[in-house]
There are 2 protein chains.
Amino acid sequence: MSDLLERLRGRGWRMTAQRRVVAEVLDGDHVHLTADEVHARAVAKLPEISRATVYNTLGELVALGEVLEVATDRRAKRYDPNAHRPHQHLVCARCGAIRDVHPSGNPLADLPASERFGFTVEGVEVTYRGVCPNCAAA
Amino acid sequence: MSDLLERLRGRGWRMTAQRRVVAEVLDGDHVHLTADEVHARAVAKLPEISRATVYNTLGELVALGEVLEVATDRRAKRYDPNAHRPHQHLVCARCGAIRDVHPSGNPLADLPASERFGFTVEGVEVTYRGVCPNCAAA
DNA sequence: TGCTTGACTTAGACAAAGTCCATTGTAGGA
DNA sequence: TCCTACAATGGACTTTGTCTAAGTCAAGCA
């Protein structure tokens, strides 16, 4: 987990208590947290941290490629620390639970040139939607 | 275009001026409008229509399957009247322009059972991201 | 160790998108 | 035509996120 902190320091990050706490929250927990949840957990470790700092720090982590932004619903963005292995998401339509999944195949290859309309296509996001076992049982 | 109105009436929709106007806005224009843009166009036809009504009506159209919600960015949801032909979206990372595209292949089939974690998978959304010709030229 | 500096943090105001609710209006059936 | 349940209104409210001006502090340097 200090891997992440090391990498950040290596990139010239000025290391502050706030940034360390945000990085630790994400690094210690491989789930998909909203900015607000990150803030709540950060506050538990460092009560005086502000919302703006959490947003700033998350934005910086995303820009550095250490964390992915995931927008699976209309509500809050979520932050996915699993940025180093390409993956897609499977979302429960009822409770919003998110799992990382690794489909076979390459969806980029499925878009023929005739369907690209002159765009330079750079990436693709795939979101599978369904109902998780818990919700199905209930 | 009265097709849509007919279908809605057949489903027991109470036809009001407001609903007709919202349906016409979407039906007449095969682009991807935000709720606010729909409201603006509806106001042009019926000045006293309220924002809440536009949201309600869009929500009902989505529930009836006549219109798709598209959440391609963190900002406003967009509404896609092209609900009857399955398709995916290609989004410009700079200007936000959206094109409907029809990839070959079936991404649902690319998710093996071992990657479904007990979920009942019901659908999949694919969003291609790139740069449109206009933005690339600029 | 103790300055200095500019990057970082803070609190709170602000903005955008959307929801809620009490009241008022009206479509469509009797 | 009258009723009544369903729909519309508008304004307050919520959620998520951004911005800014002022204060703070990490890290390099003497």
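We did not get these values from a lab; they are worked out from the coordinates using the rules stated. What you see is a predicted model, and the numbers here were worked out from it, not measured in a lab. Because the Cβ atoms are built from the backbone with ideal geometry, glycine has one as well, and the counts that use them run over all protein chains shown.
Based on the Kirkwood approach, the hydrodynamic radius assigned to region B:16-58 is 9.9 Å, with every pair of different Cα atoms included. Plainly put, the tip 7 Å out from Cα toward Cβ on A:Cys95 is 4.4 nm from that tip on each other copy, the closest given first. Summary of the geometry: region B:45-114 and region A:71-138, compared by the centres of their Cα atoms, lie 15 Å apart. Kirkwood analysis of the protein assembly as shown, using all unique Cα-Cα pairs, places the hydrodynamic radius at 21.2 Å. Subtracting the Cα-Cα distance of B:Arg116 and B:Glu48 from their residue separation scaled by 0.36 nm leaves 19.7 nm. Between B:His102 and B:Leu5, what FRET efficiency comes out of the Förster formula 1/(1 + (r/R0)^6) with R0 = 35 Å and r the beta carbon distance, rounded to 0.05? That pair, B:Leu5 with B:His102, gives E of 0.80. Working ranking of peptides B:123-132, B:3-12, A:62-71 by packing, defined as the average number of other Cβ atoms within 10 Å per residue, highest first, is B:123-132, A:62-71, B:3-12.
Inter-chain Cβ neighbour count for B:82-92, averaged per residue, equals 2 (cutoff 10 Å, partner chain atoms only).
Kirkwood radius, chain B, all distinct C-alpha pairs, inverse of mean reciprocal distance: 16.8 Å. Is the shape of region B:2-80 best called rounded, prolate or oblate, per the rule: a/c under 1.5 gives rounded, else a/b larger than b/c gives prolate, else oblate, with a ≥ b ≥ c the square roots of the Cα gyration tensor eigenvalues? Note, shape of region B:2-80 comes out oblate.
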